[in-house]
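Here's the structure we're looking at; comments come further down.
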Amino acid sequence: MQRTSPLIAVLLDENTSGDGSRYEASKTYFEAIDAAGGLPFGIPYLPRVVEDVVESFDGLLATGSRFAFPPDWYLPGETTSAPPSPRLEAECQIMEGFLARDKPVLGLCGGMQVLAGLKGCRLAADTTRLSTARRNHCDPAISHGVALVAGTRLAAIAEAPVFEVNSLHRESVAEAPEGVVVSAFSEDGVIEAIELPQQRFALGLQWHQEKYAGKAHPGNTVFGAFVAACQQP
């Protein structure tokens, strides 16, 4: 039987807030991909699965995370309080493999930061210092507004140019080099989305769009665009 739905690799996270002994991922990642027409599969970060994942899957969803990135990914003088994780090496290899083959990549929160770091962006270890209002961007009880940059792919995909999103990230992209397009900013000036125009589809969102799965939200169209890109030959 011919398969009509693209296979989406959903990179699992781990319980870094505990002892790191368990894989975990919110069900909403899978629900969002399923609703968009993709077939999502959770991927562990074992070295021997990297090649098969890159070759066999049509698209990569890099999920949120909280672990330390390489020191040279951060602004000079910045240090992270996040713990180390074996996820980093496998995630970098998998994402680089997808990008090299021009297969679609969607990075959310930590997944966006990996995409950014691999392309030469610099990260801030504490987003509060980037905020013009010194606003806390790591409080699940609050939301904040984001404005999309006109003419970007994200602006063409989303259903509104400005909307509210969740505040669930301590670290964020601080600087983007040539070749990385910033496609959204928060109302207090923090970079909230990036994209790689030279790729078929490579988009990073700082907020957790998957948490709006099954709800009416103007950003949910990102999942449909991602899955549609995965169906292109």
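Considering only the stretch 114-124, I want to know if a residue exists there that is within 26 Å of residue 217 (Cβ to Cβ), assigned to a helix (DSSP H, G or I), touching a Cys at 6+ places or on another chain (Cβ under 8 Å) and modelled with pLDDT of 95 or more.
Checking the stretch 114-124: at least one residue is within 26 Å of residue 217 (Cβ to Cβ), assigned to a helix (DSSP H, G or I), touching a Cys at 6+ places or on another chain (Cβ under 8 Å) and modelled with pLDDT of 95 or more.
Counting residues that are of a type in the set (D, E, K, R) and closer than 28 Å to residue 82 by Cβ, which strands (runs of 3 or more DSSP E) fully inside the stretch 143-220 reach at least 2?
Ranges flagged: 191-195.
Is it the case that residue 64 is small (Gly, Ala, Ser) and either modelled with pLDDT of 95 or more or touching a Lys or Arg at 6+ places or on another chain (Cβ under 6 Å) (or both)?
So residue 64 does not fit the description; no.
Out of the residues in the stretch 13-33 that are without any contact (Cβ under 8 Å) to a residue 40 or more places away in the chain and over 24 Å from residue 97 (Cβ atoms), state the one that is surrounded by the most Cβ atoms within 10 Å (Cβ to Cβ).
Filtering the stretch 13-33 for residues that are without any contact (Cβ under 8 Å) to a residue 40 or more places away in the chain and over 24 Å from residue 97 (Cβ atoms), the one surrounded by the most Cβ atoms within 10 Å (Cβ to Cβ) comes out as 15.
I'm checking my understanding of the structure. Among residues of the stretch 39-88 that are over 20 Å from residue 123 (Cβ atoms) and over 19 Å from the mean Cα position of the chain (by Cα), which one is surrounded by the fewest Cβ atoms within 10 Å (Cβ to Cβ)?
48
If you check 4, 79, which single one turns out to be touching a residue at least 24 places away in the same chain (Cβ under 8 Å) and either part of a helix (DSSP H, G or I) or hydroxyl-bearing (Ser, Thr, Tyr) (or both)?
After applying the criteria, what remains is 79.
Can you name the residue in the stretch 221-233 that is touching a residue at least 24 places away in the same chain (Cβ under 8 Å) and part of a loop (DSSP other than H, G, I, E, B) and, of all such residues, is surrounded by the most Cβ atoms within 10 Å (Cβ to Cβ)?
The selected residue is 231.
Here's a check for you: in the stretch 181-192, which residue that is of a type in the set (A, V, I, L, M, F, W, C) and in contact with an Asp or Glu (Cβ under 8 Å, 6 or more places away or on another chain) is surrounded by the most Cβ atoms within 10 Å (Cβ to Cβ)?
Across the stretch 181-192, the extreme among qualifying residues is 184.
Residues that are over 13 Å from the mean Cα position of the chain (by Cα), over 22 Å from residue 29 (Cα atoms), of a type outside the set (S, T, N, Q) and surrounded by fewer than 17 Cβ atoms within 10 Å (Cβ to Cβ): does the stretch 193-201 have at least one?
So far as the stretch 193-201 goes, yes, one or more of its residues are over 13 Å from the mean Cα position of the chain (by Cα), over 22 Å from residue 29 (Cα atoms), of a type outside the set (S, T, N, Q) and surrounded by fewer than 17 Cβ atoms within 10 Å (Cβ to Cβ).
If the requirement is being in contact with a Gly (Cβ under 9 Å, 6 or more places away or on another chain) and farther than 21 Å from residue 60 by Cα, which of these qualifies: 173, 165, 190?
Of 173, 165, 190, the one residue that is in contact with a Gly (Cβ under 9 Å, 6 or more places away or on another chain) and farther than 21 Å from residue 60 by Cα is 165.
Here are some conditions: (1) at pLDDT below 95; (2) surrounded by 13 or more Cβ atoms within 10 Å (Cβ to Cβ); (3) in a strand (DSSP E or B). Residue 135 meets all but one. Which one does it not meet?
For residue 135, the failing item is (3).
Taking residue 10 and the conditions (1) surrounded by 16 or more Cβ atoms within 10 Å (Cβ to Cβ); (2) assigned to a loop (DSSP other than H, G, I, E, B), which numbered condition does it fall short on, given that it satisfies the others?
The single condition residue 10 does not satisfy is (2).
I'd like the residue in the stretch 82-101 that is hydrophobic (A, V, I, L, M, F, W, C) and assigned to a helix (DSSP H, G or I) and, out of all such residues, is nearest to residue 51 (Cα to Cα).
94
Scan the stretch 31-54 for residues that are touching a Leu at 6+ places or on another chain (Cβ under 9 Å) and under 20 Å from residue 94 (Cα atoms) and jot them down.
33, 38, 39, 40, 41, 42, 43, 44, 45, 53, 54
Using the structure shown, decide if residue 106 is in contact (Cβ under 8 Å) with a residue 60 or more places away in the chain, in a strand (DSSP E or B), in contact with a helix residue (DSSP H, G or I) (Cβ under 9 Å, 6 or more places away or on another chain) and within 13 Å of residue 12 (Cα to Cα).
Considered against the rule, which asks whether it is in contact (Cβ under 8 Å) with a residue 60 or more places away in the chain, in a strand (DSSP E or B), in contact with a helix residue (DSSP H, G or I) (Cβ under 9 Å, 6 or more places away or on another chain) and within 13 Å of residue 12 (Cα to Cα), residue 106 comes out as no.
The values are calculated or read from the model by the stated rules, or taken from the named source; none is laboratory data. Just so it is clear, the model here is predicted, and its values are computed rather than measured. Methodologically, a virtual Cβ is constructed for each residue, glycine included, from the backbone with ideal geometry; neighbour enumeration extends over all protein chains shown.
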